[in-house]
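Only one structure is covered here, and it is reproduced in the block below.
Derivation of every value follows stated rules applied to the coordinates shown; laboratory data play no part. Model, not experiment: these values are computed from the prediction. Please note: Cβ atoms are built from the backbone with ideal geometry, for glycine as well, and neighbour counts cover all protein chains shown.
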Amino acid sequence: MNFKYAIVISAVLASQVAIANDWPRFLGPNGNGIIENDSQLRLDWKANPPKSKWTHQVGKGCSSFAISEGKVLTLGNQDGQDTLWCLDALSGELIWKYSYDELLAAKYYSGGTSSTPTIDGKRVYSVSKSGKLFCLDLDSGKILWQKDYVRDFRGRKGGWGWAASPVVSGDLLFIDPGAKDGALAALDKRTGTLAWNAGNDEPGYATPVFFEHEGRKAIALFHKKALVGYDLEQPGDTLFRFSWRTSYGANSSNPHYDNGKFYISSGYGSGYAVIDINRDEPEILHRDRQLILKVQTSLKIGDRIIAHYGGDGKPGELTALDFETGDILWKAKMPGDLGNLIAIDDNLIVLADSGHIILGKDAGNQFQELSRHKVLSGTSWAPPAYANGHLYIRNNLGKMVCLDVSK
């Protein structure tokens with residue numbers, strides 16, 4: 001492989017971010033798209049719209065952002081190469097970048113990168129669509145170790161390549177190469193050495209989710225044809241396997257766990273389901289095939305699932321449903337077909353694929369919209385990220401924008 005060395009920019013940064021609520025991985029510090037106890041987000045967007053603080057061209061793709069220690073990282077593809085960008089979170093100045101050969105792989109969309117970098121302390125973990133896995137130093141961009149999903153773990157690539165972001169728990173880094181002898185692989189995060197693996201399912205496109213079931217720590221992977229829970233206290237054992245087949249194996253949206261039940265959703269007529277994993281054979285408690293999530297994320301806030309459902313020719317609607325019963329609590333029409341959202345305390349921020357940013361609140365029986373602004377052109381599939389009063393968004397063609405939404 002022709003890996004290029006990291007280009008390090010030696011400069012004195014104009015500013016440093018006071019670390020309050022960082023966003024160090026896909027969907028934030030807890031992987032659920034929610035930040036609590038934030039004191040910096042202002043809500044007067046209608047009178048004082050979010051201002052673009054800086055922009056940067058990062059290359060094509062759907063990678064979201066990881067933010068830590070005043071740095072924001074994302075991935076993009078241009079001219080046959082992926083680049084991992086490390087930028088100053090407040091000024092947008094380049095701190096370092098790392099590039100390597102990677103095909104655009106534009107299959108039914110503009111192509112480019114899919115996964116999101118993960119920051120754990122002073123290490124950055126990043127994976128490409130073809131399964132190139134890197135561990136880099138956060139401050140310098142120096143490669144600490146690298147692996148290949150196919151060569152090192154006998155991984156099986158799906159039709160759109162690997163998209164799941166690597167996740168860390170304790171001393172282990174978890175990835176989903178989707179091998180026959182290891183659908184899930186746990187690596188020593190310091191060295192990349194394989195600690196253990198489990199399962200034999202082919203990979204899906206959703207990032208793994210940690211959960212605790214009956215007092216046992218576990219991790220769930222939404223594979224190509226099933227949702228599988230793996231026991232972290234008895235490495236190699238599975239807690240359950242629930243078959244869920246979607247056209248093209250496109251299981252991409254994040255699952256949610258609560259008290260022995262899982263929420264999952266996908267597109268192409270599959271819709272959503274809440275399943276009970278307490279039984280010998282997991283079974284569906286309720287389901288709606290019309291509520292589809294193709295590349296969108298969803299939030300679980302209390303006993304509610306809130307998501308920008310849409311796609312497959314269906315117009316987008318922000319919808320809240322009851323996790324236990326499936327009852328629809330409210331719907332609100334949204335621009336575009338698809339959208340991703342995050343929550344800052346009790347405030348919802350939606351990025352529609354039309355490039356609109358919508359700020360609002362769950363008011364119980366309705367969505368209370370506070371503001372709507374178009375801030376990007378072109379399609380936007382990457383979930384927004386938020387840290388320290390700043391919102392980070394991008395479109396699929398690579399325009400990245402930092403919006404100042406601080407008080």
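Below, the figures for the structure above:
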{"quantity": "Whole-Hz ³J(HN,Hα) from phi, Karplus 6.51 cos²θ - 1.76 cosθ + 1.60, for the range 365-379, glycine and proline x", "calculated": "10, 7, 8, 9, 7, 9, 6, 9, 9, 8, 10, 9, 9, x, 6"}
{"quantity": "Two-site label geometry, ASP346 and HIS286: point separation in nm, points 7 Å out along Cα→Cβ", "calculated": "2.3 nm"}
{"quantity": "Fewest-first ranking of ARG216, ARG394, using other Cβ atoms within 10 Å as the exposure measure", "calculated": "ARG216, ARG394"}
{"quantity": "Karplus (6.51, -1.76, 1.60) ³J(HN,Hα), θ = phi - 60°, over the range 396-407, in Hz, Gly and Pro reported as x", "calculated": "5, 8, x, 7, 10, 10, 9, 9, 7, 10, 8, 5"}
{"quantity": "Ascending count of other beta-carbon atoms within 10 Å, so fewest first, for SER165, SER243, SER91", "calculated": "SER243, SER91, SER165"}
{"quantity": "Theoretical ellipticity at 222 nm over the chain - DSSP helices of four or more residues, -39500 (n - 2.57) apiece, nearest 500", "calculated": "0 deg cm²/dmol"}
{"quantity": "Hypothetical label at ARG154: residues of the range 167-186 whose amide nitrogen lies under 17 Å (7 Å Cα-Cβ projection)", "calculated": "176-186"}
{"quantity": "Long-range HN-HN contacts of LEU239 with modeled amide H, under 5 Å", "calculated": "GLY229, TYR230, ASP231"}
{"quantity": "Proxy reagent accessibility, fewest Cβ within 10 Å first, across GLU317, GLU281, GLU93", "calculated": "GLU281, GLU93, GLU317"}
{"quantity": "Mean Cα-pair separation over length for the range 206-245, i.e. relative contact order, pairs under 8 Å, 6 or more apart, %", "calculated": "30 percent"}
{"quantity": "Nonlocal amide H pairs with GLY155, under 5 Å, H built at 1.01 Å", "calculated": "VAL150"}
{"quantity": "From phi via Karplus (6.51, -1.76, 1.60), per-residue ³J(HN,Hα) for the range 100-107 in Hz, x at Gly/Pro", "calculated": "8, 5, 7, 6, 5, 6, 7, 10"}
{"quantity": "Whole-angstrom Cα spans of the range 41-172 along principal axes, big to small", "calculated": "54, 37, 26"}
{"quantity": "Between the range 283-325 and the range 174-224, the alpha-carbon center distance in angstrom", "calculated": "25 Å"}
{"quantity": "Qualifying GluC sites (Glu not before Pro) for the range 140-234 [loop in DSSP, other Cβ within 10 Å: at most 16]", "calculated": "GLU214, GLU233"}
{"quantity": "Over the chain, relative contact order from alpha-carbon pairs under 8 Å, at least 6 apart, %", "calculated": "14 percent"}
{"quantity": "Whole-percent pair-distance distribution, where bins are 10 Å wide, for the alpha carbons of the chain", "calculated": "5, 24, 35, 26, 9, 1"}
{"quantity": "Unit charges on C-beta of K, R, D, E only; dipole of the range 7-404, Debye", "calculated": "1160 debye"}
{"quantity": "Long-range amide H partners of LEU144 with built H, under 5 Å", "calculated": "CYS135, LEU136, ASP137"}
